[in-house]
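Shown next, in structure tokens, is the structure this report addresses.
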Amino acid sequence: MKKLVTLLLTAALAITAAATTAFADNTETTVYPTTTSHPPLHVTYKVDPSYTVTIPTSVTLNATQPSTAKVKATNVTIPYGYRVEVALSSATGFKVKAGDYNGAPTLSYQVTVPNSATPVQNGNPVLTVQSGAENKEGETTLTFKLTGDDIKYSGDYTDTVTFTVSIKAPQTTNP
């Protein structure tokens, strides 16, 4: 009986398939993009300028030989093209005074930087560190030397030297 049912079903299927006409679908199918445009994403990171400058707290002049002091800038992180400058100035014009009164005796001294015999002038830089400097640092050794004034009076001779630290913009050239 199973054979008979199978035979009849197969015959019915064959007759139906032979009599059926197939047609192709001629409608267009539109495929939409899977991505859409969005405003761009801006990624930012801010690095604030920073640096550490170490200056001496005092220098003792010596009548027989020059005295030295180191000035150092470390961890210099500043904008591209900029520089850290350390300038030096003396209110007395690089003279130590034996007292804080008008007419007090003075002795002249000069400050020089390595590889220069020319004394530093009031307000001139003694150390410059460019952005991107190797190891992010720079240093110089200042030499303080009495200029040979004839010492006539005893006493404690003093002067105050001011260090000014600033970040300088790139220098521009005029065409």
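The values are calculated or read from the model by the stated rules, or taken from the named source; none is laboratory data. These figures come from a predicted structure and were not determined experimentally. Glycine gets a Cβ as well: all are built from the backbone with ideal geometry, and neighbour counts include every protein chain shown. Just so you know, the surface numbers come from the protein's heavy atoms only, side chains and all, with ligands and any DNA or RNA stripped out. Shrake-Rupley method; radii C 1.70, N 1.55, O 1.52, S 1.80 Å.
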(request) Would you please name the trypsin sites (Lys or Arg not before Pro) within region 144-175 that are DSSP coil residues with at most 14 other C-beta atoms within 10 Å of their C-beta? (result) K152
(message) Using 30 Å as the Cα-Cα cut-off, could you pick out the over-long pairs in K97/K168; K46/K72; K95/K136?
(response) K97/K168; K95/K136
(message) At 1.4 Å probe size, with the rest of the protein present, what percent of the exposed accessible area of region 30-175 is carbon and sulfur atoms?
(response) 49
(message) Within 10 Å of each candidate Cβ there may be at most 16 other Cβ atoms; applying that plus a DSSP loop requirement, which chymotrypsin sites (Phe, Trp or Tyr not before Pro) in region 87-175 survive?
(response) Y101, Y153
(request) Please turn the phi angles of region 143-149 into ³J(HN,Hα) values with the Karplus equation 6.51 cos²θ - 1.76 cosθ + 1.60 (θ = phi - 60°), one per residue in order, whole Hz, x for glycine and proline. (result) 10, 9, 9, 5, 8, x, 4
(message) For region 73-117 and region 148-162, what is the centre-to-centre distance using only Cα atoms, to the nearest Å?
(response) 16
